Amino acid sequence: MKKKKLLFTAYNLDIGGIETALINLLNNINYDKYEVTLILEKKEGIFLKDLNKNVILKEIKVSKCKLVVIRKLINFYRKLVFKIFNQNKFDFSCCYTTYSYSSNKLALIGSKNSSIYIHSNYKDVYETEEEIYQFFNTRSISNFRHIIFVSNESADYFKKIYKELSGKVKVFNNFINPEKIKELSLEKINVKKDKEKKLLVFVGRLDESSKKLTRAVNLVKKINDLNLWIIGDGQDRAMYEEIVKKEKLEKRILFFGKKKNPYPYMKKADYIILTSDYEGFPVTYLEALVLNKNIITTIPVSDDKINIKDYAYIISKDKESMVKEVEKIIGKKKEQKSISIEEIQKERIIELEKIFDND
């Protein structure tokens, strides 16, 4: 049987929720049925060595030349060459990183059966609907055959403002590797948890504009029974470290930087915490469920299979209200509904194969 050709396009494979999810999606594909090509804007990142060996990896760089005319000519030439040799060559194509303009265009060229994965709720990213229209229209959103969201909330808002595209919208959450997460969580780390305090663990990008980690810092400041471990890096790390130092919380709030394997830290947590203003459907939720960890979060989202309200404590985004709510939560253990991420993902890949096959 001739294999169908799938194309995925993305920015790079550095540490991040989207990149982790892409690696896991590619690992769930049946390579007896499909030939998969991945084109990166930058062939770099810590996850390169984790890429499935069956994937054909290519790089199409985007020029960063300061001379606008030269930059546009170079990028036009590269896109033209790709178009000449690859237009509608694939049975399915997917832009996996919405923000990458190049990845977007290549996916549209590669197949008539094109799709785009949208990992955020842009209602919260932009202040006006005009800005949202501009973002999606510059990515030729109406030309994609499938528009895939990771949460119902993101999809519902999009359908509200793009009513004419509602029929193209689907909701499929990201893939994780439950067995690998459990195995990696057993790795020993050289840090001990204070048994006298409840431990919050945050995993993610250190970006105050969206993650609002100052809320988590404030919880530790106001509630003496809490400690916080921060796994990740980003543009606002220095600011967070300065706040922690100013508040004399250095012994209770620890920064560990980027970790390819955050799971031993998560395994020690009493609660996984997210204090964001907005998210799509955080991969961290799925990882926490696999590790049977309680979640405290400001983001109540659902997808095609999971409503996180069934598994997490949902708290206010207001700092003072948040403190009172978390004080009540500490010491409780939420009764978890039974869940099998493995079974959910088996069902999900079957649904995705229908899209791959253009059924």
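Per-residue answers, yes or no, for (1) in contact with a helix residue (DSSP H, G or I) (Cβ under 8 Å, 6 or more places away or on another chain); (2) closer than 24 Å to V301 by Cα:
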| residue | (1), (2) |
| --- | --- |
| Q87 | yes, no |
| Y122 | yes, yes |
| E127 | no, yes |
| L165 | yes, yes |
| V169 | yes, yes |
| I181 | yes, yes |
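Among the residues of segment 81-103, is there at least one that is closer than 25 Å to K317 by Cβ and without any contact (Cβ under 8 Å) to a residue 12 or more places away in the chain?
no
Within segment 320-359, can you find the residues that are in contact with a strand residue (DSSP E or B) (Cβ under 9 Å, 6 or more places away or on another chain), in contact (Cβ under 8 Å) with a residue 40 or more places away in the chain and in a loop (DSSP other than H, G, I, E, B)?
Scanning segment 320-359 gives I330, G331, K334, Q336, D357, N358.
Taking segment 144-191, which residues are more than 26 Å from N104 (Cα to Cα) and over 17 Å from the mean Cα position of the chain (by Cα)?
Once the filter is applied, which keeps residues that are more than 26 Å from N104 (Cα to Cα) and over 17 Å from the mean Cα position of the chain (by Cα), segment 144-191 yields E179, K180, K182, E183, L184, S185, L186, E187, K188, I189, N190, V191.
Restricting attention to segment 229-286, which residues are among the charged types (D, E, K, R), closer than 21 Å to S210 by Cα and part of a loop (DSSP other than H, G, I, E, B)?
Of everything in segment 229-286, those that are among the charged types (D, E, K, R), closer than 21 Å to S210 by Cα and part of a loop (DSSP other than H, G, I, E, B) turn out to be D233, D236, K258, K259, D277, E279.
How many residues, within segment 45-57, are outside any helix (DSSP H, G or I), in contact with a strand residue (DSSP E or B) (Cβ under 9 Å, 6 or more places away or on another chain) and surrounded by fewer than 17 Cβ atoms within 10 Å (Cβ to Cβ)?
4
With the condition being exposed (fewer than 15 other Cβ atoms within 10 Å of the Cβ) and assigned by TED's automatic domain parsing to the domain that holds K58, I'd like the helices (runs of 4 or more DSSP H) fully within segment 97-150 carrying at least 3 qualifying residues.
Those helices (runs of 4 or more DSSP H) span 129-137.
State whether the residues of segment 291-303 include one that is small (G, A, S), surrounded by 13 or more Cβ atoms within 10 Å (Cβ to Cβ) and either touching a Cys at 6+ places or on another chain (Cβ under 9 Å) or assigned by TED's automatic domain parsing to the domain that holds V191 (or both).
Within segment 291-303, one or more residues are small (G, A, S), surrounded by 13 or more Cβ atoms within 10 Å (Cβ to Cβ) and either touching a Cys at 6+ places or on another chain (Cβ under 9 Å) or assigned by TED's automatic domain parsing to the domain that holds V191 (or both).
Going through K268, K246, K251 one at a time, which residue ends up being out of contact with any strand residue (DSSP E or B) (no Cβ under 9 Å at 6 or more places or on another chain) and farther than 30 Å from I349 by Cβ?
Just one listed residue meets the conditions, K246.
Can you pull out the residues in segment 153-177 that are surrounded by fewer than 18 Cβ atoms within 10 Å (Cβ to Cβ) and touching a residue at least 60 places away in the same chain (Cβ under 8 Å)?
Selection gives K170 alone.
Could you list all residues from segment 202-228 that are in contact with an Asp or Glu (Cβ under 7 Å, 6 or more places away or on another chain) and part of a helix (DSSP H, G or I)?
Hits for segment 202-228 are E208, S210, T214, K221.
Just to be sure before I move on: is S185 surrounded by fewer than 16 Cβ atoms within 10 Å (Cβ to Cβ), of a type in the set (S, T, N, Q) and in the same structural domain as P264 (by TED's automatic domain parsing) in the structure I sent?
So S185 does not fit the description; no.
Which ones in segment 5-15 are surrounded by fewer than 21 Cβ atoms within 10 Å (Cβ to Cβ) and more than 19 Å from F144 (Cα to Cα)?
If the condition is that a residue be surrounded by fewer than 21 Cβ atoms within 10 Å (Cβ to Cβ) and more than 19 Å from F144 (Cα to Cα), then N12, D14, I15 are the ones that fit.
Can we say H146 is within 25 Å of I350 (Cα to Cα) and modelled with pLDDT under 95?
Judged against the criteria, H146 is not a match.
The values are calculated or read from the model by the stated rules, or taken from the named source; none is laboratory data. Predicted model, so just to flag it, every value in this text is computed and none were measured. Positions of Cβ are generated from backbone atoms using ideal geometry, with glycine treated the same way; all protein chains shown enter the neighbour counts.
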